[in-house]
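Sharing a structure, written as structure tokens. Questions coming.
The values are calculated or read from the model by the stated rules, or taken from the named source; none is laboratory data. Treat the numbers as computed from the prediction; the structure is a model and nothing was measured. Cβ placement follows ideal geometry from the backbone for every residue including glycine, while neighbour counts extend to all protein chains displayed.
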Amino acid sequence: MIKAGIIGATGYAGSELVRLLLGHKQVQIVWYGSRSYIDQKFSSVYGNMFKLVEDLCKGDQIEELADEADVIFTATPQGFLAGVLTEDILKKCKVVDLSADYRIRDVAVYEKWYGIEHKSPQLIQQAVYGLCELYREDVKKTDLVANPGCYTTCSILSAYPAVKAGLIDPSTLIVDAKSGTSGAGRGAKVQNLFCEVNENIKAYGVATHRHTPEIEQELSVAAGKDVVINFTPHLVPMNRGILVTAYANLIPDADGKLPTYDDVRKVYEDCYGKEYFIRLLDKGVCPETKWVEGSNFVDIGFVIDERTGRLIMMGALDNVVKGAAGQAVQNMNLMFGLDEAEGLRLVPSFP
């Protein structure tokens, strides 16, 4: 059995990790870390775990945890792990970090967008960006995974094949994304109160959202050149889900003809056709968050707008599963040589 510890177990992503790992045949959870609920029963925080988890919450002593666990999941605020992670800890166990501390390869970019000093920049190059469908082989060989963010996972996967194949001009790429309120975390904030969110939709972090450089970083790798995008997130009154709609100009061939539906479809099939967790939708079908809720699937579709010469790329996922905890478990499976889908064959729940 793989012994797993979770620091930040009482946040939404952390509690989802608990739910998924309890159903994993190869994992035993040995540490439920939470600064806010030390010595309280985990099931007193999350009543859905009554009679399922009898453990008390512990603190965030990562060095002590490293002596007990084979893998540590950190579902913590930005800056926590970077401030405590050491080479010695990584020699004892593997780490999957759900924060942004090791996602951005350029420390200056991280510090600019997150507004904090990175305390362990020497470990950034050691970390693997844990978007399994793109970096599967690298994940298998690392001890430190930077688990991608929810907006970024959906945005990158939706546009990646078209960018990599040169079907679109990435300098024209605009990403419009919408998220359920769980994406904002469990902390008490006025803007997330029911009366503030219900019967409302709003843009936020316009031209400043911190997932922007993460999306640009990975699409730049795909394009083989620097990519700068417009990314605008929106908050919608639902618990879970991310919906991305991305727009970009198609690039004509030497005869001035634009790619056809079949051309684009082939590119996406070549990239994702064998991926279990990516479902390419049939022609004319648009992704919907309700069809991925509670699962680790990403639904992707696209439409060619012949009138404007643009490709419209769409993706939907559950921000707490594939956008956080599910992807973390997927990474863990790869790191330990397990079936990548172990513990994650979750049928989307509806209604």
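So which of I2, I62, I29 ends up being closer than 23 Å to G343 by Cα and touching a helix residue (DSSP H, G or I) at 6+ places or on another chain (Cβ under 7 Å)? Spell out the reasoning first.
Details: I2 fails: touching a helix residue (DSSP H, G or I) at 6+ places or on another chain (Cβ under 7 Å); I62 fails: closer than 23 Å to G343 by Cα.
Residue meeting the stated conditions: I29.
Is it the case, given these coordinates, that G11 is at pLDDT 95 or above, within 28 Å of G83 (Cβ to Cβ), within 20 Å of the chain's Cα centre (by Cα) and not hydrophobic (A, V, I, L, M, F, W, C)?
On the way: at pLDDT 95 or above: yes; within 28 Å of G83 (Cβ to Cβ): yes; within 20 Å of the chain's Cα centre (by Cα): yes; not hydrophobic (A, V, I, L, M, F, W, C): yes.
Yes: the conditions hold for G11.
Let me ask you something else. Can you tell me how many residues within the range 43-58 are exposed (fewer than 15 other Cβ atoms within 10 Å of the Cβ) and in contact with a Leu (Cβ under 8 Å, 6 or more places away or on another chain)?
So the answer is 1.
Within the range 281-339, how many residues turn out to be farther than 24 Å from R240 by Cα and under 14 Å from the mean Cα position of the chain (by Cα)?
The total comes to 0.
In the range 165-198, which residues are of a type in the set (D, E, K, R) and assigned to a helix (DSSP H, G or I)? Steps first, please.
Filtering the range 165-198 for residues of a type in the set (D, E, K, R) gives 169, 176, 178, 186, 189, 196.
Of everything in the range 165-198, just one residue is of a type in the set (D, E, K, R) and assigned to a helix (DSSP H, G or I), namely E196.
Please verify whether the range 153-164 includes one or more residues that are outside any helix (DSSP H, G or I), in the same structural domain as M238 (by TED's automatic domain parsing), modelled with pLDDT of 95 or more and buried (at least 18 other Cβ atoms within 10 Å of the Cβ).
no
Here's something else I'd like to know. If I filter the range 165-179 down to residues being β-branched (V, I, T) and within 25 Å of R240 (Cα to Cα), which single residue comes out as surrounded by the most Cβ atoms within 10 Å (Cβ to Cβ)?
V175
Let me ask something additional. How about the range 266-312: which of its residues are more than 20 Å from V163 (Cβ to Cβ), hydroxyl-bearing (S, T, Y) and out of contact with any Leu (no Cβ under 6 Å at 6 or more places or on another chain)?
Matches in the range 266-312: Y276 only.
Which condition from (1) surrounded by fewer than 24 Cβ atoms within 10 Å (Cβ to Cβ); (2) at negative phi is the one that G115 breaks?
(2)
Now a separate question. Among the residues of the range 28-42, which ones are surrounded by fewer than 18 Cβ atoms within 10 Å (Cβ to Cβ) and within 11 Å of G5 (Cα to Cα)?
Q28, V30 - these are the residues of the range 28-42 that are surrounded by fewer than 18 Cβ atoms within 10 Å (Cβ to Cβ) and within 11 Å of G5 (Cα to Cα).
Restrict the check to the range 335-351 and report whether at least one residue is among the aromatic types (F, W, Y) and outside the structural domain of V244 (by TED's automatic domain parsing).
Yes: the range 335-351 contains one or more residues that are among the aromatic types (F, W, Y) and outside the structural domain of V244 (by TED's automatic domain parsing).
This table checks each residue for (1) more than 26 Å from T10 (Cβ to Cβ); (2) in contact with a helix residue (DSSP H, G or I) (Cβ under 7 Å, 6 or more places away or on another chain); (3) free of Cβ contacts under 8 Å to residues at least 60 places away in the same chain; (4) buried (at least 17 other Cβ atoms within 10 Å of the Cβ).
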| site | (1), (2), (3), (4) |
| --- | --- |
| G241 | no, yes, no, yes |
| V244 | yes, yes, no, yes |
| C271 | yes, yes, no, yes |
| R279 | yes, no, yes, yes |
| K290 | yes, no, no, no |
| P351 | yes, no, no, no |
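Continuing with this model, one more query. In the range 180-209, how many residues are of a type outside the set (G, A, S), surrounded by 11 or more Cβ atoms within 10 Å (Cβ to Cβ) and either under 22 Å from the mean Cα position of the chain (by Cα) or at pLDDT 85 or above (or both)?
The qualifying residues number 10.
So which residues in the range 231-286 are β-branched (V, I, T) and within 29 Å of P348 (Cα to Cα), if there are any at all?
Answer for the range 231-286, where residues must be β-branched (V, I, T) and within 29 Å of P348 (Cα to Cα): T232, V236, I242, V244, T245, V264, V267, I278, V285.
Would you check which residues across the range 279-312 are part of a strand (DSSP E or B) and farther than 19 Å from N249 by Cα and list them?
R279, L280, V298, D299 - these are the residues of the range 279-312 that are part of a strand (DSSP E or B) and farther than 19 Å from N249 by Cα.
I need the full set of residues from the range 7-31 which are part of a helix (DSSP H, G or I) and of a type outside the set (D, E), in order please.
Within the range 7-31, Y12, A13, G14, S15, L17, V18, R19, L20, L21, L22 qualify.
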